[in-house]
Amino acid sequence: MLPSILLGMVFGVAQAPLVPPLPRLPLPRPAAHATRASTHSNHVPAGTRDGGTLTIALDIVESAWKPEGDDDPEVPVLAFAEQGKAPTVPGPLIRVPQGTEIRVTLTNRVDSAITIGGLRPGVSDSPDTLTIAAGQTRELRYRLTKPGSYFYWGSFGGTTLEDRLWKDSQLNGALIVDPPEGSPPDHVFLISEWFHPYDDRAFEVVSAINGKAFPYTERLELQQGDSTRFRVLNTLTLFHPMHLHGFYYRVLARGSWDRDRPLAPKMQPLLNTDLLPPGGTLTLAFVPTTPGNWLFHCHFSFHMNDEVSLAGAPRDSGMSAAAGMSGASGSSAEHHMHGLVIGIHVKPSPGWVDDSASPNARNIRLLVQRKPNRLLDGMATAYGFVVQKGDTPPARDSVDLPAPVLELERGKPVRITVMNNLQEPTGIHWHGLEIPSFPDGVPGWSGIGDHVFQPIAPGDTFVAAFTPPRAGTFPYHSHLNERHQIQSGMYGAIIVTDKPRDLVHDHLVLVGGGGPAVYNKIESPYALVNGRTSPQPLRLTAGDTHRIRIVTLHPDWRISLTLRNDSTIGRWRAVAKDGYDLPKAQATERTANVQMGPGETADFELRPTKPGEWRLEIKTADPGWHIPLTVVVVPAAAPR
Ligand SMILES: [Cu+2]
């Protein structure tokens, strides 16, 4: 597996404006005897239950998998099949009550040895794998005693979960152990990826949830107000910042393929974006309180755009006309999203009325514009925002960096008129705000019934009317062609408060894109902190409590932030996550270091005791760029 840095490098170049897309590459063909894998939504458990025993026979077979539409490519994979049935991607669901005895017969029907992990979570303290030679059968008997969300997996003999590329990448199955009293209804989402590298470091890749990539993923039909529970299983060696539109979710457990860690109720955070680690699992619950169309998706733009789609890639490896074929598929706006996206329709309760429109709303006119030669030492065009003040519009080629902070008052309605002065369509998402679906800003998706938000065409306007119900720190950003538009600057902060901010003690650190990542060609970082590659220092006062609001919105990177001086890492108190104030048990003082993915916000309180100079080191979690932000602590004003 290529580390995400390489993903960023290749994809970054592909997304640079005026650089043609990489040619689509020929895909390997399924073996002649391969059986088409069916896909499923992890709702029906496999095997035969008899009292306290589950008997299941799993074969490992050559298969062919179609992760997207009927006309899109089919690729070769190894897959699990319940004996006597067609292979499936993901593999058969194993779901039993705690204490069940498992009798599993594994038969390797492919011509390589296969290593299997994750079938026996909780049985052994160390990671538990076994290898089955080609043609061999193994029988296992054990008891599953620890409730939780797990997955089993297979890889070529002697390799591990981390080594898998394309052929063995779909050897995955969900394994859920329910407590004796049972679990509330849930949806089990298994994330997988088929990744085919080529010699010249190019690749073809598709990312899927339960065997299908958006827009072919399962559509959830929920009823307004119904408790909803997800178990998310990440079989990749990549992180995924999983973002839910419209609602906060409660994290009930975080784990990995071989162990699960339930959180005590008072330690369960409420958030809308959580960084799911490689091999990790996440169990979450939420209540869809507002009807309409919503999304649950990975917030890395290259895990939800056409870079993780095989549509358009040639299937015949003899085809030479492949070069130059575009990967873009479908012209409907909904199809701007691919890969790791789940669509959610929430049906309104009887009698529900949308009361978000208000005649007394405050008006904000937000212009979306571009300024050539503004980023990357003049090499790249900045995309961004300007708030119009008065009747005279600002210059058409002006862009404010950092983007204007939208200072909103909790409970006070606003009407934000977005004017698109770009030469391409866009849509703006007010990330994390609990507002109606229509202004949520996902083109071709947000809305209810046939009242669906459409992309804002060049020269057009869109009015987002809503009332922010909660005080906190939120991002706003482009939700169309995000890789390019957010990389180029289309992101900013929304700060919702009850009273005007005390700017002496309340500080914003906005980290995000600073131009397309044209690696090795330029010196300056392709990122900005507070709109600059060399940000202006923060000024704090010794003895005072300061609030630092961090917003990270680089579409490609996990970002690490550490407050330090030459010898010491500082300490701060966590006070909010994703705009939600932390309850007392979670609002703890801790080492001033945090790792955040795109779309996450976090607020910390800092009380420097004496004057001096600190640095907030802001850098990519993987090798990439580094921008230090100087933090100057000045003496407290002399007492009078
Ligand atoms: Cu992702």
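Within the assembled protein chains, the solvent-accessible surface assigned to S126 is about 70 Å², based on a 1.4 Å probe.
For D226, the accessible surface of its heavy atoms amounts to roughly 80 Å² (probe 1.4 Å, protein chains only, rounded to the nearest 10). For the chain, the percent of C-alpha pairs falling in each 10 Å distance bin, counted from 0 to the bin holding the largest distance, reads 3, 16, 25, 26, 18, 9, 3, 0, 0. Post the alpha-carbon centroid distance, the stretch 55-69 to the stretch 202-242, in whole angstrom. About 19 Å separates the Cα centre of the stretch 55-69 from the one of the stretch 202-242.
Heavy-atom accessible area with a 1.4 Å probe sorts W572, W257, largest first, into W257, W572. Overall, the anisotropy analysis places the stretch 485-640 in the prolate class: the square-rooted eigenvalues a ≥ b ≥ c of its C-alpha gyration tensor yield a/c not less than 1.5, with a/b exceeding b/c. One equal scatterer on each Cα of the stretch 370-477, no solvent, Debye formula: the resulting log10 I(q)/I(0) at q = 0.14, 0.16, 0.22, 0.23 Å⁻¹ is -0.63, -0.81, -1.32, -1.38. Think of a 1.4 Å ball rolled over the protein heavy atoms: the chain then has 39 Å² of accessible area per residue. Secondary structure note: in the stretch 86-222, about 90% of the DSSP beta bridges are antiparallel. P(r) tail for the stretch 18-80: Cα pairs beyond 15 Å make up 68% of the total.
Checked against a 27 Å cut-off, the cross-linked pairs K212/K347; K499/K577; K146/K266; K146/K577; K212/K371; K389/K499 give Cα-Cα distances beyond that limit for K146/K577; K212/K371. Converting phi to 3J(HN,Hα) with the Karplus coefficients 6.51, -1.76 and 1.60 and the offset θ = phi - 60°, the stretch 33-40 yields 8, 5, 9, 4, 7, 8, 10, 7 Hz in sequence order, with x at every glycine or proline. From its DSSP helices (H runs of at least four residues, each -39,500 (n - 2.57)), the chain gives a residue-normalised ellipticity at 222 nm of -1000 deg cm²/dmol. Between the amide H of V575 and those of D603, F604, E605, distances stay under 5 Å, these residues lying 5 or more places away or on another chain, with hydrogens modeled in the peptide plane.
Quotient of the Cα radius of gyration of the stretch 78-214 and 2.2 N^0.38 Å, N being its number of residues: 1.10. Rolling a 1.4 Å probe over the protein heavy atoms leaves M337 with an accessible area of roughly 0 Å². Measuring nothing but how far apart in sequence close Cα pairs (under 8 Å, 6+ apart) lie, relative to its length, the chain scores a relative contact order of 11 percent.
Relative to the longest principal axis of the Cα atoms of the chain, helix 4-15 runs at roughly 70 degrees.
With Cα atoms as the point set, the radius of gyration and Dmax of the stretch 210-287 evaluate to 13.0, 37 Å. By definition, a body whose alpha carbon gyration tensor gives a ≥ b ≥ c is oblate when a/c is 1.5 or more and a/b is not larger than b/c, and the stretch 529-609 fits this oblate description. With both residues required to sit in the chain, DSSP beta bridges show an antiparallel share near 75%. Computed over protein heavy atoms with a 1.4 angstrom probe, the accessible surface ordering of D128, D163, D199, largest first, is D199, D163, D128.
Taking Lys and Arg as +1 and Asp and Glu as -1, the other residues whose beta-carbon sits under 11 Å from that of I209 total -1.
Using a probe radius of 1.4 angstrom, the carbon and sulfur fraction of the accessible surface of the stretch 82-221 is 47%. Here the stretch 260-286 and the stretch 154-196 have alpha carbon centers that stand 18 Å from each other.
Residues Y198, Y476, ordered by accessible area of protein heavy atoms at a 1.4 angstrom probe radius and largest first, appear as Y198, Y476.
The values are calculated or read from the model by the stated rules, or taken from the named source; none is laboratory data. Keep in mind it's a predicted model, so treat the numbers as computed, not measured. Glycine gets a Cβ as well: all are built from the backbone with ideal geometry, and neighbour counts include every protein chain shown. The protein model used for the area step is the full one, side chains on, heavy atoms only, and it has no ligands, DNA or RNA in it. Shrake-Rupley method; radii C 1.70, N 1.55, O 1.52, S 1.80 Å.
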